[in-house]
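Below is one structure; the comments refer to it alone.
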Amino acid sequence: MSLRKLVLVLGDQLDGGSSAFDGFDPAQDRILMVEALGESQRVWSHKARTVIFLSAMRHFADALRGRGWPVTYHTLDDTPQGGLVELVAHHLAALRPRALVCVEPGEQWLEAALQSAAAEAGCAVELRLDTHFMLSRADFMRWARGYKQLRMEFFYRHVRKQTGILMDGDEPAGGAWNYDAENRASFGKHGPGLVPAHAGFPPDAVTREVMAAVQRYLPDNPGSLEDFDWPVTREQALAALQDFIDNRLELFGRYQDAMWAGQPFLYHARISAALNLKLLGPREVAEAAVAAWREGKAGLASVEGFVRQIIGWREFIRGVYWLEMPGMAAANHFGHARDLPGWFWTGDTHMACQRDAIGQTLRFGYAHHIQRLMVTGLFGLLAEIDPRQVAHWYLAVYVDAVEWVELPNVAGMALFANGGRFTSKPYAASGAYIQRMSNHCSACRYDPAKKTGDSACPLTTLYWHFLDRHEAELGGSPRTALMVKNLQRLPAEEREAVRVQAQMLLERLEDL
Ligand SMILES: Cc1cc2nc3c(=O)[nH]c(=O)nc-3n(C[C@H](O)[C@H](O)[C@H](O)COP(=O)(O)OP(=O)(O)OC[C@H]3O[C@@H](n4cnc5c(N)ncnc54)[C@H](O)[C@@H]3O)c2cc1C
Ligand code: SF4
């Protein structure tokens, strides 16, 4: 009997309740899952990023087989070379289904490429809605139409009203939408003390097999696998969420922006990869946090700060990706064109803050939000690095990296490459910010208070240079006018000295 539907499940669509399975009939339909080496080579992926995807896919395929459903699973060993679309085309030709079913992919290029592969194979395509998200792409477009400037805060309130999450009737639970003033402290001189250890999931036999394949086929890719303990099944993802709710949610909000050398995870949840693979859903994550507040296990400020990340930032970022693509991938508002220094791939730099953030990234495939935004991202902005090179690095090195969430965060947030379509100002800061939020500067050869001279902090010099270069634009915006006023207070000779020092730094970024 000919195959009715071939249901393609992509590596970041591992949701057992996915709309891809609506109406699935094991007697007439079949599932296809494909491991493609090309996906780890398109950007030079961290080994842990490849392992988390492939291990989670293999576990998911086993769970589908456990339902008695037929699965064609293409491993790296079946074809060690080849891109995803090429391999899907190969299976379309071999299986000759009447229709290819797939949930809308998270990457724009892939949606178009799958459509044309199916057209070439002469089969129909059914792209189904991704019900993982709180709002559909069309819902976001409708919301966005009402605004000249897109602001996350308004979107977040809209989602809360639509979903009833953290609401009491029509009012925000607890009486306020936003508790930012109570969040975002630093650890002070004494540091974080003892942070509760996170639940880890040491590699099982399936993961170890994937690790061996990755070492075999991608030996030169960056990153370590030694500490790999990410959740790769739904059960593990739920356990990771519960561990966060029980042990770290209470202090999440207060310390969400703080950094401390050698402490990669602090009070963060470590669930972004599980969410992006769709092992967890945003609603259940937000509801678990809200329940902890209602049961008196965590304070409202912290819970609101966390819910904001899940149903605010994450959903907003996905919406702007689809709204702004493909333009966002090429956007370069400031015309930056310098190369990413080689030490982004080794962590071998004298700048203690960058060394720590990049070092833990290569070790775990993880850095938290402020490290990504205000350490490595800040360097990319101030050192005038080509946004495409920066975006490739971020897509390569994090276990949670998928384009729909990575690109808007990098191009839109960290680099202001799309000229502020959804942020009100560039996230520019001097070394003083990092000094306030961490202990990095005390172990650094540079001094965050100095703009010029041998020991001047490169971020501080480049921050003043950034203001100097973009004085007219930044002076004209109410959000950055004060920074420019401070610049204008500098004596002319100091401004000139900053220009000279910045030029020297920019010409030798590899040596910093
Ligand atoms: C330059 C840059 C690049 C980033 N690239 C990615 C990426 O490729 N993939 C990714 O999932 N996140 C990305 N983020 C967002 C954020 O840094 C990570 O989601 C977070 O660090 C993951 O760790 P966690 O699970 O411990 O998060 P927590 O700090 O505990 O936050 C909880 C959850 O909120 C969500 N979240 C928080 N901030 C954001 C945000 N800005 N955008 C989307 N979701 C958010 C995540 O799902 C996260 O798991 C990026 C941020 C920046 C500034
Ligand atoms: S002095 Fe500058 S480069 Fe060094 S850790 Fe502080 S902010 Fe980073």
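Taking amide H as placed 1.01 Å from N in the peptide plane, Ile31 has its amide H under 5 Å from the amide H of Val7, Val71, Thr72, each at least 5 places away in sequence or on another chain. Entry note: the chain has Rg to Rh equal to 0.97, where both radii use alpha-carbon atoms and Rh is the Kirkwood radius.
For the stretch 14-30, 3J(HN,Hα) computed residue by residue from phi via the Karplus equation (6.51, -1.76, 1.60; θ = phi - 60°) reads 8, 10, x, x, 4, 5, 4, 9, 4, x, 5, 10, x, 6, 10, 10, 8 Hz, glycine and proline entered as x. Relative to the longest principal axis of the Cα atoms of the chain, the long axis of helix 108-121 makes an angle of roughly 20 degrees. The lysines whose alpha-carbon is closer than 17 Å to the alpha-carbon of Lys425, local same-chain residues fewer than 8 away aside, are Lys148, Lys485. Against the chain, whose longest principal axis is taken from its Cα atoms, helix 314-324 shows a tilt of about 90°. Each of Ser18, Ser455, Ser438 has some number of other Cβ atoms within 10 Å of its Cβ, and from fewest to most they run Ser455, Ser18, Ser438. 3J(HN,Hα) along the stretch 32-46, derived from phi through the Karplus expression 6.51 cos²θ - 1.76 cosθ + 1.60 where θ = phi - 60°, amounts to 10, 10, 10, 8, 10, 4, x, 5, 8, 10, 3, 10, 6, 5, 3 Hz, with x in place of Gly and Pro.
Remark: the stretch 51-60, residue by residue, has Karplus-estimated 3J(HN,Hα) of 5, 4, 5, 5, 5, 4, 5, 5, 5, 5 Hz, where x stands for each Gly or Pro and the curve is 6.51 cos²θ - 1.76 cosθ + 1.60 at θ = phi - 60°. Against the chain, whose longest principal axis is taken from its Cα atoms, helix 205-217 shows a tilt of about 70°. Loop-located chymotrypsin sites (Phe, Trp or Tyr not before Pro) in the stretch 423-504 (DSSP state other than H, G, I, E, B) with a sparse environment of at most 16 neighbouring Cβ atoms within 10 Å: Tyr427. Each listed q (0.21 Å⁻¹) maps to a log10 I(q)/I(0) for the stretch 305-424, found by the Debye formula over equal Cα scatterers with no solvent: -1.23. Once the Kirkwood radius over Cα pairs is known for the stretch 5-128, the Stokes-Einstein relation at 25 °C and 0.890 mPa s delivers a diffusion coefficient of 167 µm²/s.
Spatial offset of the stretch 86-146 relative to the stretch 1-74 amounts to 14 Å, using the alpha carbon center of each.
Since every read-out is calculated from the coordinates, none of them should be taken as a lab result. From a predicted model like this one, the values you see are computed outputs, not experimental measurements. All Cβ positions, glycine included, derive from the backbone under ideal geometry; neighbour counts span all protein chains shown.
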